[in-house]
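S.K.: Here it is, the structure in full.
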Amino acid sequence: MKYHQLKALTTVAATGSIRAASRSLFLSQAALTKAIRELEDELGLPLVIRSTHGAELTEFGRKLNARAQTIVSEMRRAQEDAAAMKGELIGSVAAAITPSIALTQLPLAYRAFRHRMPNAKVTLQEGFLATSLPRLRDGSLDFVVAAAPEDTLGAEFVHTELYSVCMMVMTRSASPHIRKTSLAEIHQAEWILNPSVESTNQQFLECFQKYGLPPPPHITACSSAMIVHALLQASDAVAAVPAKMREVEWFNSGITSIPIQDPLPLMSFRLITRRDSPLTPTATLLVDCIKDAIHRQQSLSASML
């Protein structure tokens, strides 16, 4: 098995067609098809089936693709390590960043990163654990910055806390809930939460039990900060969000925090990487820029107290 063959397979799997994969890899369809066929001949098994809908992997093709993704990702990292040793300011980084940090510290970190590596390829997505951990596991992400309870992360990952912040409850400025002061008073409201077990909102749901309440009966499941904001503006729903979101001007437009007196849980924001795969110099630089941006904003906040 050769690198270009595995790369061809993973790209077909990702794009769903020979044509799209060949465009992505800047190859002719004939060259890409040849790479796949050579791999099939070597293994003695069919890997890709063409159809009117594009191309799909066989059962063995899917199994091989799961391993090939990791191999291709590690080969990319090895190539970037070699380039960095030669002093070449090129590389790529793929990361998942939780909206709270993406909307506050990431812009400052991104500017600093781009100043150092203007030609690096950067791929970013929202850092929700349910979608980002599988991609971190298969190597398609270099690292994840997310709100993550420590006990939800397995031994395959290395994780360090960047900071923690209390949660708050928000609703629209004209909502009848804005003067309520306890979870009991807004228990019957429409809640917008991400109730998945790996979400920090699960910790929030446990608060109700702590105060002798069942889970809220009306929950809209949502994992998008943009959708949460839109729904809060358009209804009397309430949502639990990190207090850090107070710093995001557009997010606070038309909505406000409810003065809940019940102690609410802390959200722990963590840097998560794979234990068996060291970060490339490019990924390390972006991580360092994020940490520096967090430190600067924390120092600025402390100086204003």
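S.K.: Restricting to the chain, compute how many DSSP beta bridges are antiparallel as a %, nearest 5.
M.R.: Here the antiparallel bridges make up roughly 65 percent for the chain.
S.K.: Here's a follow-up. How tilted is helix 59-85 with respect to the longest principal axis of the chain? Cα atoms for both, answer in degrees (0 to 90, nearest 10).
M.R.: 90
S.K.: With θ set to phi - 60°, apply the Karplus curve 6.51 cos²θ - 1.76 cosθ + 1.60 along the range 234-251 and write out the HN-Hα couplings as whole Hz, x wherever there is a Gly or Pro.
M.R.: 9, 8, 9, 5, 10, 9, 9, 9, x, 4, 4, 5, 4, 7, 9, 4, 5, 5
S.K.: A follow-up question, please. Nearest 0.05, what FRET efficiency do GLU56 and LEU213 give at R0 = 41 Å with Cβ-Cβ as r? Walk me through the intermediate numbers first.
M.R.: Values: r = 48 Å, r/R0 = 1.17.
That gives a FRET efficiency of 0.30.
S.K.: So how strong a dipole does the chain carry about its Cα centre when Lys and Arg Cβ are +1 and Asp and Glu Cβ are -1, to the nearest 20 debye?
M.R.: It works out to roughly 780 debye.
S.K.: Which one of LEU129, SER277, VAL238 is farthest out on the positive end of the charge dipole of the chain, using unit charges on Cβ (Lys, Arg +1; Asp, Glu -1) and the Cα centre as origin?
M.R.: With unit charges placed on the Cβ atoms, the residue in question is SER277.
S.K.: Using DSSP to call loops (not H, G, I, E or B), can you name the trypsin sites (Lys or Arg not before Pro) in the range 54-130 whose Cβ has at most 13 other Cβ atoms within 10 angstrom?
M.R.: In loop regions of the range 54-130 (DSSP not H, G, I, E or B), the sparsely surrounded trypsin sites (Lys or Arg not before Pro) are LYS86.
S.K.: Moving on to the next point. Hey, what did the chain get for relative contact order, percent, Cα under 8 Å, at least 6 apart?
M.R.: Rounded, it is 22 percent for the chain.
S.K.: Then there is this: Would you be so kind as to identify which of VAL169, ALA102, MET75 lies farthest towards the positive end of the dipole of the chain, taking Lys and Arg as +1 and Asp and Glu as -1 on Cβ and the Cα centre as origin?
M.R.: MET75
S.K.: Let me ask something additional. Could you pull out the pairs from LYS2/LYS63; LYS34/LYS63; LYS7/LYS121; LYS210/LYS291; LYS86/LYS121; LYS86/LYS291 whose alpha carbons sit more than 28 Å apart here?
M.R.: Distance filter (> 28 Å) returns LYS210/LYS291.
S.K.: Just to be sure I understand the model, the point goes 7 Å from the Cα along the line to the Cβ. What's the resulting LEU266 to ILE71 distance in nm?
M.R.: 4.5
S.K.: Where nothing but the Cβ of Lys and Arg (+1) and of Asp and Glu (-1) is charged, how large is the charge dipole of the range 77-136 around its Cα centre, in debye to the nearest 20?
M.R.: Rounded to the nearest 20 debye, it is 120 debye.
S.K.: So between ALA82 and ARG116, what do we pick up on full extension, going 0.36 nm a residue minus the alpha carbon distance? Could you put the intermediate results ahead of the total?
M.R.: Values: separation 34, 0.36 × 34 = 12.24 nm, distance 1.82 nm.
Extra length from ALA82 to ARG116 when fully extended: 10.4 nm.
S.K.: To continue, here is another question. Name the shape class, rounded, prolate or oblate, that the alpha-carbon gyration tensor gives for the range 164-266, where a ≥ b ≥ c are the square roots of its eigenvalues, rounded holds for a/c under 1.5, and otherwise prolate holds if a/b is larger than b/c and oblate otherwise.
M.R.: Here the range 164-266 falls in the rounded category.
Computed from the coordinates by the stated procedures, all read-outs in this text should not be read as laboratory data. Every value quoted in this text rests on a predicted model; they were computed, and no experiment measured them. A quick note on method: Cβ atoms are made from the backbone with ideal geometry, for glycine too, and the neighbour counts reach across all protein chains shown.
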